[in-house]
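Chemist: Mind looking over this structure? Questions follow.
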Amino acid sequence: MNKKTKIMATVGPASESEEVLTQMMEQGVNIFRFNLKHNVFEWHKKTINKVKNIASKIGIEVGILIDLQGPEIRIETDKGGDVEIEAEESLFIGNKFIKDKKVIKIDPVLAIKNIKLGDLVYLNNGELKLKVIKNSKNLIELKSESSGIIKNRKSLNMVSKNNNLPILARRDLEVLARLNQINPDFVALSFVRNKKDIEILKALLQKIDNKIKVVSKIENLEALKNINEIIKISDGIMIARGDLGIEVPIRELAFWQKKIIDLCRKESKPVIVATQMLGSMSQNLQPTRAEATDVSNAVFDGTDVLMLSEETSTGKHPVRVVKEMSSIANFCENAKEIRDITIVTETPTEV
């Protein structure tokens, strides 16, 4: 399939086998994403080498992107298990797990200082909304507005709160120190706030290998305020709609997606549209009509890359979802009477 729009697929337990990785490449995956916020470094190293060996063997060129945590707040559950929460039930954030209480820890621990009485906290990509009702030195109590399941290593969001955490988490620094063991093509940085954040990462990468490209993930209000300077200094942009869709009113999400794509095109910077593009296919054999339309509109708008997350990392049909996305992209690219994208750039590049 000779599509122009690239597909990025996240690798996880559902797609780590040689058979599945091979089929995903054959169905149209161009870049494999490894989320360093999950699993141990040795697993990522082993699986990245597997991807490279398969690609070389079958003669398909693919890229490797690693995704860093950045100043993102991640939760830790007791023994990594799921935590079921009911509406009006209390959840606690603390520095240790307590018997007979539903407690989560947060990484980095420094973030606990930013949580104040009355704050609203969001979990599970905004599906769970909780309010801080008590705040002591070692234990924060929140009350949930609805029921749901809290999973280990998922993100925690506090809308409109200034995030003063270091741009690189401890986990990120450990990965960067061993970067020459995996040699990725791209490094994605979560929760970029301004150009200074990217400059810090680029300075570290310069000491290792200046060929590695930095992809800035746009997923908070501060990034939107500084979007022009971020695009100019980045090698690529990811519109991370999961967290961005919590930070901005949901009605604004499509607007920002289209605006950022337009800005990236003017600067000749690659742009990725990510999160829930074919989310229902994590369980189902077919996408919803809305999902198919979402993918199509991203192609019509001129995105360079379409990204799959849980659909290929933990979903039931990783190969089928790639095939479906490739088919949609290929059709839309050839729908000339609909797709009319004029390339207007302020920074032309040589081809």
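Chemist: Quickly estimate the mean residue ellipticity at 222 nm for the chain, helices only: each DSSP H run with n ≥ 4 gives -39500 (n - 2.57), and the total goes over all residues, rounded to 500. Spell out each step's value before the answer.
Modeler: On the way: 11 runs with 115 residues, N = 351.
Calculated from helices alone, the mean residue ellipticity at 222 nm is -10000 deg cm²/dmol.
Chemist: So what are the radius of gyration and Dmax for the Cα set of the chain, in Å?
Modeler: Spelled out, the Cα radius of gyration and Dmax of the chain are 20.2, 63 Å.
Chemist: Looking at Ser56, Ala223, Gly94, which one has the Cα that reaches farthest to the positive end of the dipole of the chain (charges on Cβ: Lys, Arg +1; Asp, Glu -1)?
Modeler: Result: Gly94.
Chemist: Given a 10 angstrom Cα cut-off, can you work out which residue in Ile198, Ile58, Ile31 is the most mobile in a GNM of the chain?
Modeler: Ile58
Chemist: Still on this model: Size of the dipole of the chain about the Cα centre, Lys and Arg at +1 and Asp and Glu at -1 on the beta carbon, nothing else charged, in debye to 20? Don't skip to the answer; put the middle values down first.
Modeler: Values: 54 positive and 48 negative charges, 175 e Å.
Using only the charged Cβ atoms, the result is roughly 840 debye.
Chemist: Can you pick out the pairs among Lys37/Lys113; Lys232/Lys259; Lys202/Lys232; Lys151/Lys211; Lys46/Lys211 whose Cα atoms lie more than 25 Å from each other?
Modeler: Working: Lys37/Lys113 22 Å; Lys232/Lys259 15 Å; Lys202/Lys232 14 Å; Lys151/Lys211 36 Å; Lys46/Lys211 22 Å.
Over 25 Å Cα-Cα: Lys151/Lys211.
Chemist: Can I ask one more? Heavy atoms only, 1.4 Å probe, whole protein assembly: order Glu61, Glu141, Glu86, Glu19 by accessible area, highest first.
Modeler: Numbers: Glu61 170, Glu141 30, Glu86 105, Glu19 125 Å².
Listed by decreasing accessible area, they come as Glu61, Glu19, Glu86, Glu141.
Chemist: What is the set of long-range amide H partners of Lys217 at a cut-off below 5 Å, with H atoms built 1.01 Å from backbone N?
Modeler: Leu189, Phe191, Val192, Met238
Chemist: Separate question: Using only Cα atoms, find the angle between the long axis of helix 195-208 and the longest principal axis of the chain, and express it within 0 to 90 degrees, rounded to the nearest 10.
Modeler: 70
Chemist: Taking the alpha-carbon centroid of each part, what is the distance from the range 112-138 to the range 267-291 in angstrom?
Modeler: Result: 29 Å between the Cα centres.
Chemist: Taking the Cα centroid of the range 139-171 and of the range 12-39, what is the distance between the two, rounded to the nearest whole Å?
Modeler: Going from one Cα centre to the other spans 27 Å.
Chemist: How big is D for the range 63-132, in µm² s⁻¹ as a whole number, if Stokes-Einstein is applied with the Kirkwood radius of its Cα pairs at 4 °C and 1.567 mPa s?
Modeler: Calculated translational D: 95 µm²/s.
Chemist: Angle between the Cα long axis of helix 18-27 and the longest principal axis of the chain, 0 to 90 degrees, nearest 10?
Modeler: The angle comes out at about 50 degrees.
The values are calculated or read from the model by the stated rules, or taken from the named source; none is laboratory data. Quick caveat, the model's predicted, so the values are computed rather than measured. Here Cβ is always computed from backbone atoms with ideal geometry, including for glycine, and neighbour counts include all displayed protein chains. All accessible areas refer to the heavy atoms of the entire protein, side chains included, with ligands and DNA or RNA removed. Shrake-Rupley method; radii C 1.70, N 1.55, O 1.52, S 1.80 Å.
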